[in-house]
1. Do you know which residues across the range 180-235 are within 18 Å of residue 109 (Cβ to Cβ), at pLDDT below 95 and not in a helix (DSSP H, G or I)?
2. Please enumerate the residues belonging to the range 123-165 that are over 18 Å from residue 183 (Cβ atoms), modelled with pLDDT of 75 or more and surrounded by fewer than 16 Cβ atoms within 10 Å (Cβ to Cβ).
3. If you check residue 120 against the conditions, is it at pLDDT 85 or above and either within 26 Å of residue 209 (Cα to Cα) or surrounded by fewer than 13 Cβ atoms within 10 Å (Cβ to Cβ) (or both)?
4. Keeping to the range 74-112, report how many residues are surrounded by fewer than 16 Cβ atoms within 10 Å (Cβ to Cβ) and under 14 Å from residue 43 (Cα atoms).
5. If residue 227 meets every condition in (1) out of contact with any helix residue (DSSP H, G or I) (no Cβ under 9 Å at 6 or more places or on another chain); (2) surrounded by 14 or more Cβ atoms within 10 Å (Cβ to Cβ) apart from one, which number is that one?
6. How do the helices (runs of 4 or more DSSP H) wholly within the range 1-97 filter down when requiring 1 or more residues that are within 30 Å of residue 148 (Cβ to Cβ) and at pLDDT 95 or above: which remain?
7. Assigned to a helix (DSSP H, G or I), over 16 Å from residue 216 (Cβ atoms) and within 13 Å of the chain's Cα centre (by Cα): is that true of residue 100 in this structure?
């Protein structure tokens, strides 16, 4: 075999590898469960090589379980009651929990074929977007409702967050609704918070009170627990 034949063999093998890799990525994209779980893993820094180790040469029935186990491992042990914004270690975990809560919600609603826009979340869509952990009820409020526990926190882009500063809950809701009406991305669970989707008592729509926080934490716990077990969830 001469040098030309060797080069052709190498090129042919490289092209086969490219086609195989493309097919693999396309399968991740087409499968909504994999799209969302793998998208979450990449967003929190899990390497592609690690994901390959969970998906390659595995039975199809095992792949989702392995991916969910990896997602669970990124959270470690946690108790929502004891997660606070002013603790830097907690802050990392809070961000991951809030992101995964959004992912879980979308996977559960997969019949709508809606995809979480990871390009926007990661700032790869042409505009650099920084995401804040936002206080639902202003942290500067003088009442006991202005706390740093995860029950009073949600994900929001920094531009929106800065725009309403310490506005009241109902003003924040109006701003959120207006931004989405203009076609701007608002995480589903953030919108749900300001619409009080997770609250059992809707008699007070102008404030985010202690019971709202408890209902919200309950929704996060139930949905994440069932999602990470590969089952269905509520809300």
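The values are calculated or read from the model by the stated rules, or taken from the named source; none is laboratory data. Just so it is clear, the model here is predicted, and its values are computed rather than measured. Backbone-built Cβ (ideal geometry, glycine too); neighbour counts: all protein chains shown.
1. 185, 186, 187, 229, 230, 231, 232, 233, 234, 235
2. If the condition is that a residue be over 18 Å from residue 183 (Cβ atoms), modelled with pLDDT of 75 or more and surrounded by fewer than 16 Cβ atoms within 10 Å (Cβ to Cβ), then 130, 158, 162 are the ones that fit.
3. Values: at pLDDT 85 or above: yes; either within 26 Å of residue 209 (Cα to Cα) or surrounded by fewer than 13 Cβ atoms within 10 Å (Cβ to Cβ) (or both): no.
No, not satisfied.
4. Residues in the range 74-112 being surrounded by fewer than 16 Cβ atoms within 10 Å (Cβ to Cβ) and under 14 Å from residue 43 (Cα atoms): 2 in total.
5. With (1) out of contact with any helix residue (DSSP H, G or I) (no Cβ under 9 Å at 6 or more places or on another chain); (2) surrounded by 14 or more Cβ atoms within 10 Å (Cβ to Cβ) applied to residue 227, the lone miss is (1).
6. Working: elements: 3-30, 32-43, 48-55, 60-73.
So the answer is 32-43, 60-73.
7. No: the conditions fail for residue 100.
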